[in-house]
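*Asks:* Let me begin by handing over the structure; questions about it come next.
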Amino acid sequence: MKLADQIKIIDFVERGDERGNLVVIEGENQDIPFDIKRVFYIYGSDSTVVRGQHANRRTKFVLINVAGQSKVKVDNGFETKIISLDKPRMGLFLDTMVWKDMYDFSPDSTLLVLCSEHYDGSEYIRDYDAYIKEIREVHGNE
Ligand code: TYD
């Protein structure tokens, strides 16, 4: 299981002109690889906070720092990677069962999250040891 197949940086088209910038995100596989069922955004977190710290059995996400910056550490149980979200035109796609920590929020950070599913707390895995156990059951120690 390769982390590179489970995450993807998406460069949205920036339709700027002298009036400013505009980024359009169309659902249903046009700009992101799922139908958007839910949107939430995180702001007012600071550099001392770590958010996320979970994996999702069913939900896929696209993260976009529409203002400010943050970092995301992704982990598939075998590999980890840190991605800086620092441009409103940059999206980070996360497949199901990717563990994620969001941190290092700038004071002006607004992190927009597009989701493939409605909220269902029972599909979240919030215990890292339980996550690793579930991954190992499916993929062994490959
Ligand atoms: P949480 O998953 O801890 O947020 P983050 O992933 O940013 O760390 O969610 C915080 C609270 O908000 C928690 O009580 C669940 C609730 N919540 C919803 O009701 N719906 C949602 O879509 C989300 C993301 C969270």
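*Asks:* Among the residues of the stretch 54-74, which ones are touching a residue at least 40 places away in the same chain (Cβ under 8 Å), surrounded by 15 or more Cβ atoms within 10 Å (Cβ to Cβ) and assigned to a strand (DSSP E or B)? Break it down into steps so the answer makes sense when it comes.
*Replies:* Here is the first cut: in the stretch 54-74, the ones touching a residue at least 40 places away in the same chain (Cβ under 8 Å) are 54-70, 74.
Then keep just the ones that are surrounded by 15 or more Cβ atoms within 10 Å (Cβ to Cβ); that gives 54-56, 59-66, 68-70, 74.
Hits for the stretch 54-74 are HIS54, ALA55, ASN56, PHE61, VAL62, LEU63, ILE64, ASN65, VAL66, SER70, VAL74.
*Asks:* List every residue pair whose Cβ atoms lie under 8 Å apart, where the two residues are 6 or more positions apart in sequence or sit on different chains, the first residue falls within the stretch 39-51 and is in contact (Cβ under 8 Å) with a residue 40 or more places away in the chain, and the second residue, located anywhere, is assigned to a loop (DSSP other than H, G, I, E, B) and near the ligand (Cβ under 10 Å from one of its atoms).
*Replies:* Within 8 Å, the pairs are ARG51/SER45.
*Asks:* So is LEU114 surrounded by 16 or more Cβ atoms within 10 Å (Cβ to Cβ), within 9 Å of the chain's Cα centre (by Cα) and of a type in the set (A, V, I, L, M) or not?
*Replies:* yes
*Asks:* Shifting gears a bit: So which residues in the stretch 33-53 are touching a Ser or Thr at 6+ places or on another chain (Cβ under 9 Å) and in a loop (DSSP other than H, G, I, E, B)?
*Replies:* PRO33, PHE34, ASP35, ILE36, LYS37, GLY44, SER45, ASP46, SER47
*Asks:* Still on this structure, I have one more. Only one of VAL138, VAL113, VAL98 is away from the ligand (no atom under 12 Å from the Cβ), in contact with a strand residue (DSSP E or B) (Cβ under 7 Å, 6 or more places away or on another chain) and of a type in the set (Val, Ile, Thr); which?
*Replies:* Just one listed residue meets the conditions, VAL98.
*Asks:* Do we have PHE78 as aromatic (Phe, Trp, Tyr), assigned to a loop (DSSP other than H, G, I, E, B) and either closer than 23 Å to TYR119 by Cβ or touching a Lys or Arg at 6+ places or on another chain (Cβ under 6 Å) (or both) here?
*Replies:* No: the conditions fail for PHE78.
*Asks:* For ASP108, all conditions in the list (1) within 15 Å of the ligand (Cβ to nearest atom); (2) acidic (Asp, Glu); (3) modelled with pLDDT of 95 or more; (4) not in a strand (DSSP E or B) hold save one; what is the number of the exception?
*Replies:* In the conditions (1) within 15 Å of the ligand (Cβ to nearest atom); (2) acidic (Asp, Glu); (3) modelled with pLDDT of 95 or more; (4) not in a strand (DSSP E or B), ASP108 misses (1) alone.
The values are calculated or read from the model by the stated rules, or taken from the named source; none is laboratory data. It should be emphasised that the depicted structure is a prediction, and the values quoted were computed from it without experimental measurement. FYI the Cβ positions are ideal-geometry reconstructions off the backbone, even for glycines, and counts take in every protein chain you see.
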